[in-house]
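Here it is: the structure, laid out below.
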């Protein structure tokens with residue numbers, strides 16, 4: 001199986017999440033995407049939960065430069081230095097790891113290495129990871145502001161399953177078990193993944 005091209009590098013991390021810088025401006029992985037980072041003898045799996053493009057200097061905003069231009073790309077052609085002053089970062093929630101060919105849906109024993117390469121997961125890896133729904137506990141353990149991440153993740157994972165309907169049905173059952181006392185939140189999630 002040929003591995004997909006790396007999309008980013010870890011610039012900050014801990015055992016529950018990491019921040020990665022994309023190699024291309026304005027092109028982060030989609031919200032909810034399952035990614036992996038090699039970290040020594042393990043591959044760490046994570047779900048994209050937020051992305052941003054901004055200037056490299058904190059608190060200093062890029063200047064608007066396109067007033068007299070018809071297309072956004074003209075701004076970059078006329079000001080090539082701008083690309084060196086911007087960066088696209090994303091935060092990913094760690095949801096598991098692979099060690100010795102076994103997949104665990106829990107936090108890894110250590111965080112991803114700084115400058116670790118971030119890859120999109122292959123279809124087969126995503127299918128394998130989706131055989132269990134234990135990762136949902138990690139995604140749901142924060143707060144309801146992350147519910148859009150849960151929805152996006154389940155939809156993206158369903159796209160590559162051999163039976164997307166059965167996958168989402170199983171996910172719905174796990175959500176019901178996990179959120180039985182939070183009826184409004186549960187109903188929102190179930191409506192959104194339908």
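Checking residue 121 against (1) over 29 Å from residue 10 (Cβ atoms); (2) surrounded by 13 or more Cβ atoms within 10 Å (Cβ to Cβ); (3) in contact (Cβ under 8 Å) with a residue 12 or more places away in the chain, which test does it fail?
Among (1) over 29 Å from residue 10 (Cβ atoms); (2) surrounded by 13 or more Cβ atoms within 10 Å (Cβ to Cβ); (3) in contact (Cβ under 8 Å) with a residue 12 or more places away in the chain, the lone unmet condition for residue 121 is (1).
So that you can scan it fast, the table gives a plain yes or no per residue for (1) at pLDDT 95 or above; (2) outside any strand (DSSP E or B); (3) closer than 12 Å to residue 34 by Cβ:
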| position | (1), (2), (3) |
| --- | --- |
| 73 | no, yes, no |
| 96 | yes, no, yes |
| 106 | yes, yes, no |
| 115 | yes, yes, no |
| 119 | yes, no, yes |
| 138 | no, yes, no |
| 155 | yes, yes, yes |
| 167 | yes, yes, no |
| 177 | no, yes, no |
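Okay, moving on. Has the stretch 57-69 got any residue that is exposed (fewer than 15 other Cβ atoms within 10 Å of the Cβ) and either at pLDDT 90 or above or at positive phi (or both)?
Checked against the condition, which is being exposed (fewer than 15 other Cβ atoms within 10 Å of the Cβ) and either at pLDDT 90 or above or at positive phi (or both), the stretch 57-69 yields at least one hit.
Shifting gears a bit: Name the pairs: first residue in the stretch 138-166 and over 18 Å from residue 125 (Cβ atoms), second residue surrounded by fewer than 14 Cβ atoms within 10 Å (Cβ to Cβ), Cβ to Cβ under 6 Å, at least 6 apart or on different chains?
The qualifying pairs do not exist here.
With 50, 43 as the choices, which residue is part of a strand (DSSP E or B), within 22 Å of residue 150 (Cα to Cα) and over 14 Å from the mean Cα position of the chain (by Cα)?
43
So how many residues does the stretch 140-176 have that are in contact with a strand residue (DSSP E or B) (Cβ under 7 Å, 6 or more places away or on another chain) and surrounded by fewer than 18 Cβ atoms within 10 Å (Cβ to Cβ)?
Within the stretch 140-176, residues that are in contact with a strand residue (DSSP E or B) (Cβ under 7 Å, 6 or more places away or on another chain) and surrounded by fewer than 18 Cβ atoms within 10 Å (Cβ to Cβ) number 1.
Surrounded by fewer than 14 Cβ atoms within 10 Å (Cβ to Cβ) and farther than 27 Å from residue 98 by Cα, is that true of residue 52?
yes
The values are calculated or read from the model by the stated rules, or taken from the named source; none is laboratory data. Just so it is clear, the model here is predicted, and its values are computed rather than measured. Positions of Cβ are generated from backbone atoms using ideal geometry, with glycine treated the same way; all protein chains shown enter the neighbour counts.
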